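I have placed the structure first, in the form of structure tokens, so that the comments after it can refer back to it.
The values are calculated or read from the model by the stated rules, or taken from the named source; none is laboratory data. Just so it is clear, the model here is predicted, and its values are computed rather than measured. Cβ placement follows ideal geometry from the backbone for every residue including glycine, while neighbour counts extend to all protein chains displayed.
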Amino acid sequence: MELILANNSSYPRIGDASEHQLLRKTITQWEKGEKADSDLRAAEDRMTELALAEQIEAGLDIVTDGQIRWYDAISHLAGKLSGVRINGLLRFFDTNTYFRQPVVHAKIERTKALLVEDYLFAQAKSPRPVKPVLTGPVTLARLSIEETKGAGGFERMLEGYTQALAPEVAALAAAGATLIQIDEPALLKYPQDIARARPSLAALTAGKGAAQIALALYFGDPAPIYDELQKLPVDVLCLDFTYNPAFVEVVATRGSSKTLALGLVDGRNTKLEDPKTLARDVEKMARRLAGDRAYLTPSCGFEYLPRDRAQLKLRHLSTIKKEFLGSNA
Amino acid sequence: MSREKLRQLGIDLPLFPTTSVGSFPKPDYLMKARADFAKKKITGAELEEKARQATEFWIRKQEELGVDVLVDGEMYRGDMVAYFAEHLRGFEEGGLVRSYGNRYYHKPIITGEVRWENPITVDWWKYAQGLTRKPVKGMLTGPYTVMDWSFNEFYPSRRDTCLALAKEIRREVEALIAAGAKIVQIDEPAASVRSEELPVAIEALDVVTDGLPAYFITHICYGAFEYIYPGMLEMPVDNFDLEMSNSGLDMLELFRKDRFTKDISFGVVDVHSHVVEEESVVEQRLRQALDVLPMENIWVDPDCGLKTRSVDEAIAKMQALVKVARALRN
């Protein structure tokens with residue numbers, strides 16, 4: 001089986017070395033009016049280049065821009081849409097990180113491209129394919145509120161975000177992205193939303209052209225909704241294996257009709273996994289996976305780890321792959 | 001019931017006792033001293049002197065404002081978990097990770113058996129209490145939150161980690177009580193995020209507090225309360241200090257469905273907004289609380305620690321809530 005090494009999404013924007021402090025310092029100075037917008041953009045560019053370089057150096061086949069420019073996973077996209085303003089801080093799922101909550105006050109509309117420029121920048125700097133990542137409409141809608149209660153509720157916000165993001169997926173595909181990831185961690189917390197996610201994903205993927213669409217779920221156990229996930233209109237399922245040790249057996253038993261991205265490397269803890277154990281896990285599942293190929297990825301974005309540990313874990317992906325290939329040689 | 005407990009502990013509080021969640025902003029001279037210390041330009045003793053100066057400032061300021069139950073302001077702490085990790089055996093300092101936006105902290109890593117060896121906060125509590133006749137809360141971070149906000153490379157499970165921490169944190173609570181603390185707040189902001197682990201948080205807090213003679217408060221914030229309420233009422237504490245205003249008092253709806261059975265420190269000002277609430281806004285929030293909660297159970301405070309606000313904003317927010325609480329009291 002072909003095992004493709006890929007990053008999940010985010011990457012640390014900071015590190016303990018002085019060169020890794022660039023963005024933090026620049027933002028602080030920019031907020032005080034001491035730096036211009038162009039300085040901020042240059043700092044973001046530089047940190048994006050470093051994130052790409054570290055992924056490539058670690059041997060990844062598919063990289064991301066690290067979401068270095070993102071304030072958080074929610075407000076970065078929602079805040080660029082018309083009809084949405086950004087409000088106070090809330091905890092992001094079960095992490096100790098916080099996002100700014102979108103308040104929907106009018107029809108949600110995309111009036112400009114959201115991520116295309118960033119994608120083109122990253123791809124120009126990377127010899128490996130860059131996977132753009134969008135937070136999906138279900139998650140955006142779940143974590144937003146309406147300014148006027150009862151103005152349409154979750155359903156209307158979901159529809160609004162879906163309509164706004166569908167052209168973005170098409171634009172990313174037109175810009176050359178071959179694999180586009182849609183993050184829907186909310187589906188693990190609100191499994192009842194699966195039925196609503198199906199038409200939303202269908203709308204998002206309508207303009208994908210030749211690009212493949214990956215759906216990423218993390219911060220929870222996918223086992224209870226695994227069968228439902230198989231029916232969603234996406235090409236790849238990126239799943240978090242760290243919440244349920246028995247999930248490997250679920251996949252090994254039921255197989256997968258879709259290509260899987262195996263989120264076996266814990267993006268939330270610094271401890272390095274035993275590569276032999278994870279290679280065995282891959283092996284257990286390998287025979288039942290569609291297309292005789294799978295991605296090996298972190299369980300979630302890497303920005304929850306310190307940079308030095310994120311680097312180690314990236315390299316660990318290669319070690320696990322070698323173990324897997326060695327045992328299958 | 002809880003007021004009786006307070007009286008037995010020798011504390012008599014007025015209606016709508018005012019307090020704060022724990023942290024206050026560090027004055028500029030302390031921020032500079034912390035930066036200088038990090039660059040090894042000043043000694044630990046010099047930094048501690050500045051922290052004492054700032055602690056005294058906040059004790060005096062709270063007295064001046066008329067706050068009823070005081071805090072030391074946590075001038076000696078950087079982060080609420082990292083501080084305890086630095087003082088317990090078994091932890092290493094991790095690299096920087098993001099909290100939100102452009103804010104980062106050093107997330108600790110558990111690499112060995114955790115062990116309490118010496119009092120951590122007791123000297124600071126004694127110093128703060130020595131400056132005032134009003135009660136000063138002992139302030140700790142709870143085992144569930146220390147577990148959840150640390151990386152774990154040693155214990156086999158989250159529950160094992162949490163219970164190991166609980167046993168050690170209990171020793172700090174015992175030390176605070178031995179020093180004279182009557183009100184002890186054990187912050188568990190992480191308890192609201194994984195509802196399936198609420199029993200672990202309750203079990204651990206029971207290990208920390210069981211049989212100890214103090215009025216216990218726990219602070220929980222910024223989570224999915226709809227998943228842990230009313231189960232969280234099983235936590236062995238007398239008072240829940242809750243972030244109410246940031247979420248538009250949504251929790252009152254939960255309290256309508258299932259009666260809130262403990263005392264509550266009701267957050268009436270949003271700590272993440274630069275805007276200082278009008279007194280009329282604070283009053284409206286308290287009146288809404290009174291629709292659902294018994295008057296004698298309500299304490300009044302901000303949503304969360306005020307450390308991210310400026311000194312002036314923090315004072316203004318505290319002033320607004322004290323004024324309103326006093327007016328309603330009368």
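Hey, B:GLU93 hits all of (1) within 14 Å of another protein chain (Cβ to nearest Cβ); (2) of a type outside the set (A, V, I, L, M); (3) without any contact (Cβ under 8 Å) to a residue 12 or more places away in the chain but one; which does it fall short on?
(3)
Specify the residue that is surrounded by the most Cβ atoms within 10 Å (Cβ to Cβ); the eligible residues are those in the stretch A:157-193 that are hydroxyl-bearing (Ser, Thr, Tyr) and under 26 Å from A:THR111 (Cβ atoms). Show your work before the answer.
The initial filter retains those residues of the stretch A:157-193 that are hydroxyl-bearing (Ser, Thr, Tyr), namely A:161-162, A:178, A:190.
Checking which are under 26 Å from A:THR111 (Cβ atoms) leaves us with A:161-162.
Values: A:TYR161: 28, A:THR162: 23.
Per the stated criteria, the residue is A:TYR161.
Condition check ((1) surrounded by 15 or more Cβ atoms within 10 Å (Cβ to Cβ); (2) within 14 Å of chain B (Cβ to nearest Cβ); (3) over 30 Å from A:MET47 (Cβ atoms)) across all residues:
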| residue | (1), (2), (3) |
| --- | --- |
| A:ASP221 | yes, yes, yes |
| A:THR242 | yes, yes, no |
| A:ARG254 | no, no, yes |
| A:MET285 | yes, no, yes |
| A:ARG288 | no, no, yes |
| A:GLY291 | no, no, yes |
| A:PRO306 | yes, yes, no |
| A:LEU325 | no, no, yes |
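When the residues of the stretch A:98-116 are filtered to those that are without any contact (Cβ under 8 Å) to a residue 40 or more places away in the chain and assigned to a strand (DSSP E or B), which remaining residue is nearest to the other protein chains (Cβ to nearest Cβ)? Quick ask: steps written out before the conclusion?
As a first pass, look at the stretch A:98-116 and keep what is without any contact (Cβ under 8 Å) to a residue 40 or more places away in the chain: A:98, A:100, A:106, A:111-112.
Applying the additional criterion that residues be assigned to a strand (DSSP E or B) yields A:98, A:100, A:106.
Working: A:TYR98: 4, A:ARG100: 8, A:ALA106: 20 Å.
Taking the candidates together, the pick is A:TYR98.
So if I check each of A:ASP292, A:ASP274, which one is of a type in the set (Asp, Glu), more than 21 Å from the chain's Cα centre (by Cα) and closer than 24 Å to A:LEU179 by Cα?
Numbers: A:ASP274 fails: closer than 24 Å to A:LEU179 by Cα.
The unique qualifying residue is A:ASP292.
Return a yes/no flag: does the stretch B:245-258 have any residue that is surrounded by fewer than 18 Cβ atoms within 10 Å (Cβ to Cβ) and among the hydroxyl-bearing types (Ser, Thr, Tyr).
Within the stretch B:245-258, not a single residue is surrounded by fewer than 18 Cβ atoms within 10 Å (Cβ to Cβ) and among the hydroxyl-bearing types (Ser, Thr, Tyr).
A:THR95 is checked against (1) within 14 Å of another protein chain (Cβ to nearest Cβ); (2) modelled with pLDDT of 95 or more; (3) in a loop (DSSP other than H, G, I, E, B) and fails just one. What number does that condition carry?
(2)
Please indicate, with yes or no, whether at least one residue in the stretch A:127-140 is among the small types (Gly, Ala, Ser), farther than 30 Å from B:VAL146 by Cβ and surrounded by fewer than 19 Cβ atoms within 10 Å (Cβ to Cβ). Working first, answer last.
Going residue by residue through the stretch A:127-140, those that are among the small types (Gly, Ala, Ser) are A:136.
Remaining after also requiring farther than 30 Å from B:VAL146 by Cβ: A:136.
Still in the list and also surrounded by fewer than 19 Cβ atoms within 10 Å (Cβ to Cβ): none.
No, there is no match, as no residue in the stretch A:127-140 is among the small types (Gly, Ala, Ser), farther than 30 Å from B:VAL146 by Cβ and surrounded by fewer than 19 Cβ atoms within 10 Å (Cβ to Cβ).
Scan (1) touching a Ser or Thr at 6+ places or on another chain (Cβ under 9 Å); (2) under 19 Å from B:PRO143 (Cβ atoms) for the single condition B:GLY112 breaks and write down its number.
(1)
Would you check which residues across the stretch B:59-82 are of a type outside the set (Asp, Glu), touching a Ser or Thr at 6+ places or on another chain (Cβ under 9 Å) and modelled with pLDDT of 95 or more and list them?
B:ILE59, B:ARG60, B:GLN62, B:LEU65, B:GLY66, B:VAL67, B:VAL69, B:LEU70, B:VAL71, B:GLY73, B:MET75, B:TYR76 - these are the residues of the stretch B:59-82 that are of a type outside the set (Asp, Glu), touching a Ser or Thr at 6+ places or on another chain (Cβ under 9 Å) and modelled with pLDDT of 95 or more.
Counting only residues that are hydroxyl-bearing (Ser, Thr, Tyr) and exposed (fewer than 14 other Cβ atoms within 10 Å of the Cβ), which one in the stretch A:11-50 is nearest to the other protein chains (Cβ to nearest Cβ)? Give the steps one after another, and end with the answer.
Within the stretch A:11-50, the first condition is being hydroxyl-bearing (Ser, Thr, Tyr), and the residues that meet it are A:11, A:18, A:26, A:28, A:38, A:48.
After this cut, where a residue has to be exposed (fewer than 14 other Cβ atoms within 10 Å of the Cβ) as well, the list is A:18, A:28, A:38.
Numbers: A:SER18: 12, A:THR28: 7, A:SER38: 18 Å.
Among those residues, the one meeting the criterion is A:THR28.
Residues being within 14 Å of chain A (Cβ to nearest Cβ) and either among the β-branched types (Val, Ile, Thr) or within 19 Å of the chain's Cα centre (by Cα) (or both): count how many of those fall in the stretch B:160-206.
Number of matching residues: 11.
Working only within the stretch A:303-329, note down all residues that are over 19 Å from the mean Cα position of the chain (by Cα), part of a helix (DSSP H, G or I) and among the hydrophobic types (A, V, I, L, M, F, W, C).
Correct list: A:LEU312, A:ILE320, A:PHE324, A:LEU325.
Looking at the stretch B:210-228, which of its residues are modelled with pLDDT of 95 or more and surrounded by fewer than 23 Cβ atoms within 10 Å (Cβ to Cβ)? Write out each step before concluding.
Here is the first cut: in the stretch B:210-228, the ones modelled with pLDDT of 95 or more are B:210-219.
Of everything in the stretch B:210-228, those that are modelled with pLDDT of 95 or more and surrounded by fewer than 23 Cβ atoms within 10 Å (Cβ to Cβ) turn out to be B:ASP210, B:GLY211, B:LEU212, B:PRO213, B:ALA214, B:PHE216.
For the stretch B:231-238, state whether one or more residues are modelled with pLDDT under 95 and buried (at least 20 other Cβ atoms within 10 Å of the Cβ).
Of the residues in the stretch B:231-238, the ones modelled with pLDDT under 95 are none.
No, there is no match, as no residue in the stretch B:231-238 is modelled with pLDDT under 95 and buried (at least 20 other Cβ atoms within 10 Å of the Cβ).
Taking into account only those residues within the stretch B:1-27 that are of a type in the set (D, E, K, R) and touching a residue at least 40 places away in the same chain (Cβ under 8 Å), which is farthest from B:GLU243 (Cα to Cα)? Spell out how you get there, then give the answer.
To start, the set of residues in the stretch B:1-27 that are of a type in the set (D, E, K, R) comprises B:3-5, B:7, B:12, B:26.
Imposing the further condition that a residue be touching a residue at least 40 places away in the same chain (Cβ under 8 Å) reduces the set to B:3, B:5, B:26.
Numbers: B:ARG3: 22, B:LYS5: 24, B:LYS26: 22 Å.
So, considering only residues that are of a type in the set (D, E, K, R) and touching a residue at least 40 places away in the same chain (Cβ under 8 Å), the one farthest from B:GLU243 (Cα to Cα) is B:LYS5.
Any residue in the stretch B:125-141 that is more than 14 Å from chain A (Cβ to nearest Cβ), under 23 Å from B:GLU197 (Cα atoms) and part of a helix (DSSP H, G or I)?
No, that holds for no residue.
Among the residues of the stretch A:84-100, count how many are more than 15 Å from A:GLU303 (Cα to Cα) and either out of contact with any strand residue (DSSP E or B) (no Cβ under 7 Å at 6 or more places or on another chain) or crowded, with 20+ Cβ neighbours inside 10 Å (or both).
Looking only at that region, the number is 4.
Within the stretch A:103-126, can you find the residues that are surrounded by fewer than 24 Cβ atoms within 10 Å (Cβ to Cβ), over 15 Å from A:PRO167 (Cβ atoms) and among the β-branched types (Val, Ile, Thr)?
A:VAL103
Return the only residue of B:TYR155, B:TYR144 being more than 10 Å from chain A (Cβ to nearest Cβ) and assigned to a loop (DSSP other than H, G, I, E, B).
B:TYR155
Looking at the stretch A:60-83, which of the residues that are crowded, with 20+ Cβ neighbours inside 10 Å and among the polar types (S, T, N, Q) is farthest from the other protein chains (Cβ to nearest Cβ)?
For the stretch A:60-83, the residue satisfying everything is A:THR64.
Where the second residue is surrounded by fewer than 16 Cβ atoms within 10 Å (Cβ to Cβ) and the first is within 13 Å of B:ASP301 (Cα to Cα) and lies in the stretch B:63-81, which pairs have Cβ atoms under 7 Å and are six or more apart or on separate chains?
Going by the 7 Å Cβ cut-off, the qualifying pairs are B:ASP68/B:PRO14; B:LEU70/B:THR132.
Residues that are surrounded by fewer than 22 Cβ atoms within 10 Å (Cβ to Cβ), over 22 Å from B:ILE220 (Cβ atoms), of a type in the set (D, E, K, R) and touching a Ser or Thr at 6+ places or on another chain (Cβ under 7 Å): does the stretch B:156-179 have at least one?
No, every residue in the stretch B:156-179 fails to be surrounded by fewer than 22 Cβ atoms within 10 Å (Cβ to Cβ), over 22 Å from B:ILE220 (Cβ atoms), of a type in the set (D, E, K, R) and touching a Ser or Thr at 6+ places or on another chain (Cβ under 7 Å).
Does the stretch B:259-269 contain at least one residue that is under 23 Å from A:ASP94 (Cβ atoms) and within 14 Å of another protein chain (Cβ to nearest Cβ)?
Restricting attention to the stretch B:259-269, the residues satisfying the condition of being under 23 Å from A:ASP94 (Cβ atoms) are B:267.
Add one more test, that the residue is within 14 Å of another protein chain (Cβ to nearest Cβ), and what stays is B:267.
Yes, the stretch B:259-269 contains a residue that is under 23 Å from A:ASP94 (Cβ atoms) and within 14 Å of another protein chain (Cβ to nearest Cβ).
Given the condition within 13 Å of chain B (Cβ to nearest Cβ) and under 21 Å from the mean Cα position of the chain (by Cα), answer yes or no: does some residue in the stretch A:3-10 qualify?
So in the stretch A:3-10, the residues within 13 Å of chain B (Cβ to nearest Cβ) come out as A:10.
In the following step, the residues that additionally are under 21 Å from the mean Cα position of the chain (by Cα) were identified as A:10.
Among the residues of the stretch A:3-10, at least one is within 13 Å of chain B (Cβ to nearest Cβ) and under 21 Å from the mean Cα position of the chain (by Cα), which makes the answer yes.
Could you tell me whether B:VAL71 is β-branched (Val, Ile, Thr) and over 16 Å from B:VAL122 (Cα atoms)?
No: the conditions fail for B:VAL71.
B:SER273: at negative phi, in contact with a strand residue (DSSP E or B) (Cβ under 6 Å, 6 or more places away or on another chain) and among the hydroxyl-bearing types (Ser, Thr, Tyr), yes or no?
Details: at negative phi: yes; in contact with a strand residue (DSSP E or B) (Cβ under 6 Å, 6 or more places away or on another chain): no; among the hydroxyl-bearing types (Ser, Thr, Tyr): yes.
Against the criterion (at negative phi, in contact with a strand residue (DSSP E or B) (Cβ under 6 Å, 6 or more places away or on another chain) and among the hydroxyl-bearing types (Ser, Thr, Tyr)), B:SER273 does not qualify.
Being touching a strand residue (DSSP E or B) at 6+ places or on another chain (Cβ under 9 Å), surrounded by fewer than 24 Cβ atoms within 10 Å (Cβ to Cβ) and not acidic (Asp, Glu): is that true of A:SER318 here?
Values: touching a strand residue (DSSP E or B) at 6+ places or on another chain (Cβ under 9 Å): yes; surrounded by fewer than 24 Cβ atoms within 10 Å (Cβ to Cβ): yes; not acidic (Asp, Glu): yes.
Answer is yes for this residue.
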